[in-house]
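Student: To start, I am sharing the structure in question, which I have written as structure tokens.
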Amino acid sequence: MTKGFLFSTAYVLGIVACLVGTTPQVRAQTSVPIALTLSGGVSLGAYQAGSLYYTSQLLRENPTLFQTKLLTGASAGALNAFFAVFEICAPPASGDTHKDVSSSEFYRAWTGFEARELLAAKNSGKSLFTREALSQVSHRLEEAWKKGLPETCDIVLGISVTRLQPLTESSRIGFSRQGEKINLRIRGRGQGRSPLLTNYVNPTLFPRALLLELKPEDDAQNFAALRDVLFASSAFPLAFEPQELRTCVSSDSETWRHASLPFQCPTEGIRADRFLDGGLVDNKPLALAEKIARGGLFVASDGTIRWREIPVGAESQNGLPRSSLLYLYSDLGSHADFKKPEPQIPSALENITDGLLGLFFQGSRNQDSTALLEQSPALENQIASPKNLVPRLGDPLLGFFGFFERDFRVFDFHLGLWETRKYVRETLKPSLRIGTKSLGAALKLPALASPLTEQRLACLDSVLDGVANDACESLSDKGFVKLVRVAAKRRQAQNSDFAFLAAALSDEQYEYRDLGLEPHEAWRAPARIKTEAISAISDLAAAQPLSERWALGVGGPAALNLIEPLPVESDLTLTLGPQASLRYSALTSASEYGRTRMVAGVGIEEIDRWFGPAAGAPIATPFLGFEIEPRSWQARFLQGRFSLTAGYKFGRAHANESCETANTGAYEHLTNCLGVVLRPGASLTIVERLRLQAEFEIMPFQQGSQTPWRLHPSLGVQFYF
């Protein structure tokens, strides 16, 4: 998920386009057609779900004012778009107008699992995460699907997916396609019947349409195909396994020119391909929404807005006027830009990794929407894309941070709900109008049935807006209160960096329940996350062919550091030099200046005694001490440490001397000593694997006029466990 997610009023705010301008952008119609366009952002889907929950309730409360006709989504946005179909279309259960937030699939899907459940299938050898939690969600949705939707529900769902292998087509100019759009029409057929699911395409238009294999009247198979599309659109590389889809591409042939509705894949044209996250190529499916609406929606003779049976091309002149549609646009990558207090000049390598590659990647993901606005700049007046103003907990680590703690997603869900409700109350309702006609008084605001949710929102009011109430004090969930205070600190400091967030959570003595950390251990969280991530990467690497195992095992942790240089909880290092050394280190404390580690190990000198002509055993030196990791020495590819250890050297001195004196010079004195050893040193680790180390060894308590000393440079490897 990104990385920023939904904005405070990402969807509802779209209405402002026609509300606050002097030139009305929406025709005076009995109802305003709405298109929800949802980007992806990994765990930030929880924030988007909270905002969408309130938006969907608002749309349900005002059926004569708003009419939801279209939803498009990528990645997490595709999942939320499908959840929205049920929230907007489904009738209230048991006549209850307002259901509890916790019973909504928006809430259950994003907060109903813990980190250990997501990382459960470590030995599958196909991905870092399991889809087990999402599979449970799909089972619930299938049951709701079978119960049916009202016949008034007629929605088109557009989903972005990415081919694992590009599809090469034959044409006069020749091209390949990797980003794909799957457009499906969902029509309710009443209670007790599954909705009608069909491909919503025109097979004669170019580029040729991609169709999902759907079978008339086989509702179970059709739902399974739709579920697989959602799995595919959210299959972030490595995190989730690519999803196989059975599809076909229309062509300029007699078969397609004379095909009848509903359009289906001919048996000979079906192919099975694997697909990935739709957000990789098109993470802002605004252009997809505009294309579907322009070709499919029209105003019927009775003034209602309907879908054509077959969408038409762009040249059609009798469709729905572009200015009639409001795009409620959720771009989870947009958020408040907090400036760093001390701007740093990036290195050449950072210019490449953060700059050029970042611009290329983001540009490719957003190119469709960018091109659309360049061609039709007036369309911007109908698009809502406000920024998220309160930092979300799921933002760090490319949007994956929220997956490591369930309560982070619970908080982000309520934050999305809170920011959307705040906007609707304070901005939308007072200013809503169509043309010169004010509609604010007619706008019904939804009520929330959950006392706990209201209490949490009131706590947000108190801390973030200064509303005088005792909601935080009376709230039983003290962990939520701590997260609210952390959000306030981040907003006040205008700092959304991961390090700042981790420090704020540590200061609050936050209990990481999913990670198994007590409140006083909150400072360990970054290292524990690194441990869990490396463990999953190692398990995945172990299941790969030998030729790929090493690359993933080494490259995986290095890739983590590209995102955020996190510390490791413990490591084991083997170095070789004048003295071979095996050492273990464990994290013991952390502060804003750096981290300290306990270190223990043993050094072995003169190993050749075991193999050479000289008799006797090598010299062993067990040692104990500590290491310091200055924060300024921790970078993406290089990690530095200072160390100080003390040990006892078990040499074979003669008579009453501490060291052999057969040779002169302080260096020779240290050849075969017996006694206490002190070793200050420094080390530099490259991509947390290759370790360069230098220690200055001194024996301060030796007899004689000279203090034995020696420099120990060494080279080795570092392992995690």
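Student: Mind running the shape call on the stretch 106-249? Use the C-alpha gyration tensor, a ≥ b ≥ c as the square roots of the eigenvalues: rounded below 1.5 for a/c, prolate if a/b tops b/c, oblate otherwise. Kindly include the intermediate steps, with their values, before the conclusion.
Tutor: Working: a/c = 2.50, a/b = 1.09, b/c = 2.30.
Oblate, since a/c reaches 1.5 and b/c is not below a/b.
Student: State, to one decimal in nm, how far the label point of ASP465 lies from the label point of ASP100, with both points 7 Å from Cα in the Cβ direction.
Tutor: It is 2.5 nm.
Student: Treat each spin label as a single point 7 Å out from the Cα along the C-beta direction, and report the ILE563 to ALA224 distance in nm.
Tutor: Label at ILE563, label at ALA224, 3.3 nm between them.
Student: Quick check on packing: order 75-84, 149-158 by the mean number of other C-beta atoms within 10 Å, highest mean leading. Please report the intermediate quantities before stating the final value.
Tutor: Details: 75-84: 29.8, 149-158: 19.6.
Per-residue Cβ counts within 10 Å, averaged per peptide and sorted highest first, yield 75-84, 149-158.
Student: Next question, about the same structure. How far is it, in nm, from the label point at PHE719 to the one at ALA488 when both lie 7 Å from their Cα along the line to the Cβ?
Tutor: Going by the 7 Å Cα→Cβ label model, 4.9 nm.
Student: So, one more: For the stretch 211-220, take each phi angle, set θ = phi - 60°, evaluate the Karplus expression 6.51 cos²θ - 1.76 cosθ + 1.60, and give the result in whole Hz per residue in order, putting x for glycine and proline.
Tutor: Taking θ as phi minus 60°, the curve returns 10, 8, 5, 10, 10, x, 6, 9, 4, 5 Hz for the stretch 211-220.
Student: Restrict the search to the stretch 254-320; then list the GluC sites (Glu not before Pro) that DSSP places in a loop and that have at most 16 other Cβ atoms within 10 Å of their Cβ.
Tutor: Here the GluC sites (Glu not before Pro) that fit, given the DSSP loop and packing criteria, are GLU309, GLU315.
Student: Sum up the charges of everything whose Cβ sits under 11 Å from the Cβ of GLY625, counting Lys and Arg as +1 and Asp and Glu as -1, but leave GLY625 out.
Tutor: Neighbourhood net charge equals +1.
Student: Next question, about the same structure. Solvent-accessible area of VAL463, probe 1.4 Å, all protein chains present, reported in Å² to the nearest ten, please.
Tutor: Approximately 50 Å² of VAL463 is accessible to the 1.4 Å probe.
Student: For a protection proxy built on the mean count of beta-carbon atoms within 10 angstrom, sort 407-418, 627-638 highest first, please.
Tutor: 407-418, 627-638
The values are calculated or read from the model by the stated rules, or taken from the named source; none is laboratory data. Quantities reported herein were computed from a predicted structural model and do not represent experimental measurements. Note that we place each Cβ from the backbone using ideal geometry, even for glycine, and neighbour counts take in every protein chain shown. For the accessible areas, the whole protein counts, side chains as well, though only heavy atoms, and no ligand, DNA or RNA atoms are used. Shrake-Rupley method; radii C 1.70, N 1.55, O 1.52, S 1.80 Å.
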